[in-house]
1. For PHE25 paired with LEU132, estimate the spin-label separation in nm (one decimal), with each label point 7 Å from Cα along the Cα-to-Cβ line.
2. Whole-Hz Karplus ³J(HN,Hα) for the stretch 317-323, in order, using 6.51 cos²θ - 1.76 cosθ + 1.60 and θ = phi - 60°, x for Gly and Pro?
3. Just want the answer: with Cβ charges of +1 for Lys and Arg and -1 for Asp and Glu, which residue in PRO258, LEU339, PRO297 is farthest toward the dipole's positive end in the stretch 182-342?
4. In the stretch 323-346, which residues have a backbone nitrogen under 14 Å from the label point lying 7 Å from ARG148's Cα in the Cα-to-Cβ direction?
5. I want to check the label-to-label distance for VAL119 and ASP310. Put each point 7 Å from Cα in the C-beta direction and report it in nm to one decimal.
6. Among THR26, TRP75, LEU56, whose Cα projects farthest towards the positive end of the dipole of the stretch 21-150, with charges put on the beta-carbon of Lys, Arg (+1) and Asp, Glu (-1)?
7. Treating only the Cβ atoms of Lys and Arg (+1) and Asp and Glu (-1) as charged, compute the dipole magnitude of the stretch 21-150 about its Cα centre; round to the nearest 20 debye.
8. Just in the stretch 221-282: which GluC sites (Glu not before Pro) are loop by DSSP and have at most 11 other Cβ atoms within 10 Å?
Amino acid sequence: MRLPAFGRSDEPSPLPDFCSLPVLFTLLTAGALAATVVWLAAGDHRDVSGYSVGILFVSWLVLAIVVVLCLLRPWLQRLPGHLPYLAAWLLMMPIVGVASWVAHGLDAALRMGLVADGVAVFVRDNVLIAALLGAAILRYFYVAAQWRLRLAAVARAQVEALQARIRPHFLFNSMNTVAALIPVDPAAAERTVEDLAELFRAALGQHEQGDGTLGEELALLDRYLAIEQLRLGERLRVQRELDDLPPDFPLPRLLLQPLVENAVHHGIQPLREGGVVSLRGSHEDGVVAIEIANPLPGAPAHGGHGHGLDSVRRRVAFRYGPHAVVRAGPQGERYVVSLRLPLKDEGGGDARTDRR
């Protein structure tokens, strides 16, 4: 038997986690289907006891294979290229052969008469079936792994492109504010430049440094709002209720800034009298909840295309997975954006610090 080529790329492909329940379920299902097909092909549909023993035998084989591959996975992952898959496939053959030889011996010792063939034929047939079925299953795992890697790469590219749309808009507004402050209040202009430098240091350095923390993000928000406060004066009022948030919670850099910028641009700037931007947060039941609300003007502001909110949705989905929720829409006379971010990912670990 020859194992089919798994792909043309020379990049290493991660083996599936053989210790996980989804992988075990997939292997048990494939084994049960194979045993059912063999039983149906034999034509003796009345031998239900033999079918039950066959399912039990296949389940035993799968558990033995899973235990061995689970224990050897760290070593297999060190192999280059596609050799981890080839080695996993080759390991299945002796496991099935030894288990088949033991099962044949038990059947003969107990005089059950379930195996009609000799030991050599029984072992040979089981090894051949395992070779074909194992190649197909490992091929499936490989394709699934490649699909996840490509999806992650596409998501990163989309996130970076969407982030690039936010920065110029904020930069132009901030530089106009600095230009207006220089002749009337040089000290305020200097503080604004320092705040702007901190914001862009976080933005331009996020790919090298990975995630920041919620505490750092809130500090950057204070700098951003200080810049907008100078531009809008008393028209902009900020209400903060953020004491319950964990400051060390991992958060992508500048995730909240575009939401607050939208609140200021679309909720405060169009109103002559201005209004209140409220920032609220809570931490309960393993979820960090953040809410940003602004007045809902009578006429929508011009120039909004939803890039900021769309970027936040994509970044949250990519960083925290399907359990994270971003909702946005009018509630009475205010427009509210709420985020619910899980403290732990679906795998049971801490929030995903590896997505950078």
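Read-outs: derived from the displayed coordinates by stated rules, not from any lab. Because the structure is predicted, anything quoted here is derived from the model rather than measured. Reconstructed Cβ throughout: ideal geometry from the backbone, glycine too, with neighbour counts over all protein chains shown.
1. In this crude spin-label approximation the distance works out to 2.8 nm.
2. 4, 6, 7, 10, x, x, 7
3. PRO297
4. 346
5. Distance between the two pseudo-spin positions: 6.8 nm.
6. TRP75
7. Result for the stretch 21-150 is approximately 600 debye, rounded to the nearest 20.
8. Those satisfying the criteria are GLU273.
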